[in-house]
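Notes to accompany the following structure.
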Amino acid sequence: MEILRKFIFHLFLIHLLLCTIECLEYLCYQEDENCFDRQMHPDLVRKGEDLERSINPLEYTNNYWLNLSREFIKQQMNRQPNTNKAKNIILFLGDGMGLTTIAAARNLLGGTEQKLAFETFPYSGLSKTYSVDRIVSDSACTATAYLCGIKAIKGTIGVNGQVNMGDCETGIDRNNHVDSIAKWAMDAGKSAGVVTTTRVTHASPAGVYAHIADRDWENDSQVKEACGAKSAKIKDIAYQLTHGEVGGKLSFIMGGGKENFIDSSLYENGKRSDRLDLIEYFQQEHPDNVYVETRSELMQVNLSKANRVLGLYQDSHMLYHLETNENTNQPTLEEMTIKAIEHLQHNENGYFVFIEGGLIDWAHHVNKPRLALDESIEFSKAIQAARQITSEEDTLIVVTADHSHAFSYGGYPQRKSDVFDPAPAGGKDGKPYMPLNYANGPSFSKFFDNENGQRVDPLLNIVGDTNDEFPSTWPMQWETHGGDDVPVYASGPWSHLFTGVYEQNALPHLMAYAACLGNGLTMCKT
């Protein structure tokens, strides 16, 4: 028995010695700055280690970077402000596309040195996204800011700060309604349109045409459930799109959300309960109105003869790009963008069109960066197409986001590595560390073993599938938005106004200034 006790005691001493040695690896003397540096930057490539040789060999020379800087200076010096009056305005919105999303998405183009289409725009700035009542806002109140020019309460659309979310009475007071730049454009004789990959009645596109106290009131059934007897005076978002002062005049409408337009007794997946078929109403409103449900139908439309065009490709949101194939028969955002511009440009007075890459946001909410970054690339393709078929002389293109996400990009991955692969060094627990992570979200339980109080090896769940969830550090049903500023990129007339750091609600006023729209300050009035 005594021998066993001595054996156990010696094992304990050996274990203690090993732990002490391990701890010393993380112990730095106060004056040893190099030690601290090694701990803060554990994955930096050290002398003698192999570097990734797919990097451009010229990057290892002085002249490459010096020449790059000289060319940038020349480009900046040769830039002349375009002070033409904008005939056309295209507002591209990457829903949830914060700076970390943009930086990570560059890797899908071939590396961090690559640029998305909008990053080549001559001018850029930062937009502050808080709302009247929240530091971190949602897509409803932000739509009111960047489309209507005022900040409002979270969850409300097209109304001012007097209206609280879900207020069944105050929301119908027209004195509290605010109009979007789409109405300003139509009042000036221009055409207007909406393109999105979400439901056309979703928060962001609804900011173009709706006035509503709750972003969830996309059909009459949702209004009745929330407001009961008071619902009779409230027009749901889908109804406002087909009958409203702005929605009823939009020339081009495209996205998902068929379910909100048809009564459940008339369509199996319909969500209305007022026995209305708003799609049929749209078709009967004018003999040359065109309704499509597939990519094939869209491609066959004679846009020169069409009066108004409505495309609804899914009952709810459109499919992610990575979920589509030949059989899904769903157009890309790029294809819808091209068709929108081709149709709207028939108006000799010009147009305003809102185009949203809306599924970037949805993918982040479920901790799926493969989908989010691919949607960002699709968004970039649509912007590139728009630039190619419009003129910078008369078309102002603005690209921005409504908010960011609680999405991080770190861990010292090597250049040209796959952004979805683990970082070179793992965590202190010996398990891999992923460069892409979320502060919160539904994936938490997959990556943390609550019972044993330790992380799960992330590579057990990240297997290369498009629907891979990535780690989150706090359990929530949905990952949340972020409160940081979002970028704004601009090209075309008066695009130099979009530099600096400004409130999000300044955006429609800047666009209106360039095109002489609305009753505010414009280039025509000054």
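The values are calculated or read from the model by the stated rules, or taken from the named source; none is laboratory data. Everything quoted here is computed from the prediction, not taken from an experiment. Heads up, the Cβs are rebuilt from the backbone with ideal geometry, glycines too, and the neighbour counts pull from every protein chain shown. We work out accessible area using only protein heavy atoms, side chains counted, and drop any ligands, DNA or RNA first. Shrake-Rupley method; radii C 1.70, N 1.55, O 1.52, S 1.80 Å.
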If you count the DSSP beta bridges with both ends in the chain, what percent of them are antiparallel, to the nearest 5? 35 percent
What does the charge count near K151 come to, summing +1 for each Lys or Arg and -1 for each Asp or Glu among other residues with Cβ under 11 Å from its Cβ? +1
Loop-only check: which GluC sites (Glu not before Pro) in region 239-268 are DSSP coil with at most 13 other Cβ within 10 angstrom? E245, E268
The ratio Rg/Rh over the Cα atoms of region 409-475, Rh being the Kirkwood inverse mean 1/r radius, stands at 0.94
Between E245 and R415, what is the spin-label point distance in nm, taking each point 7 Å from the Cα along the Cα→C-beta axis? 5.7 nm
With Cβ to Cβ distances under 11 Å as the rule, what net charge do the other residues near S204 carry (K, R +1; D, E -1)? -3
Once all protein chains are kept in place, D484 shows an accessible area at probe 1.4 Å, nearest 10 Å², of 80 Å²
Mind checking the per residue accessible area of the chain for me, 1.4 Å probe, whole number of Å²? 47 Å²
Need one number: nm distance between label points at Q80 and T120, each 7 Å from Cα along Cα→Cβ, rounded to one decimal. 2.2 nm
As an exercise, identify the GluC sites (Glu not before Pro) in region 345-392 lying in DSSP coil whose Cβ has no more than 12 other Cβ atoms within 10 Å. E348
For region 409-475, the accessible surface attributable to carbon and sulfur atoms (probe 1.4 angstrom, ligands and nucleic acids excluded) amounts in percent to 50 percent
Give the Debye-formula value of log10 I(q)/I(0) at each listed q (0.14, 0.17, 0.19 Å⁻¹), with one equal scatterer per alpha carbon of region 114-270, two decimals each. -0.70, -1.00, -1.19
On a 0 to 90 degree scale, rounded to 10, what angle separates helix 333-344 from the longest Cα axis of the chain? 20 degrees
Tell me which label goes with the value of percent of Cα pairs over 42 Å apart computed from the coordinates here: (i) 27; (ii) 53; (iii) 20. (i)
Using alpha-carbon positions, what is the distance between the centroids of region 404-471 and region 282-322, in Å? 41 Å
What number, rounded to the nearest 500 deg cm²/dmol, is the helix-based mean residue ellipticity at 222 nm of the chain, given -39500 (n - 2.57) per DSSP H run of at least four residues and division by all its residues? -8500 deg cm²/dmol
What area, in nm² and to one decimal, does the C-alpha convex hull of region 369-526 cast on average over all directions? 12.7 nm²
Calculated FRET efficiency, V463 and L266, Cβ-Cβ r, R0 35 Å, to nearest 0.05? 0.20
Compute the orientation-averaged projected area for region 189-301 from the convex hull of its Cα atoms and round it to one decimal in nm². 7.6 nm²
Scanning the chain for trypsin sites (Lys or Arg not before Pro) in DSSP loops with at most 13 other Cβ atoms within 10 Å, what's the longest stretch left with none? 116-274
Sum up the charges of everything whose Cβ sits under 10 Å from the Cβ of N84, counting Lys and Arg as +1 and Asp and Glu as -1, but leave N84 out. -1
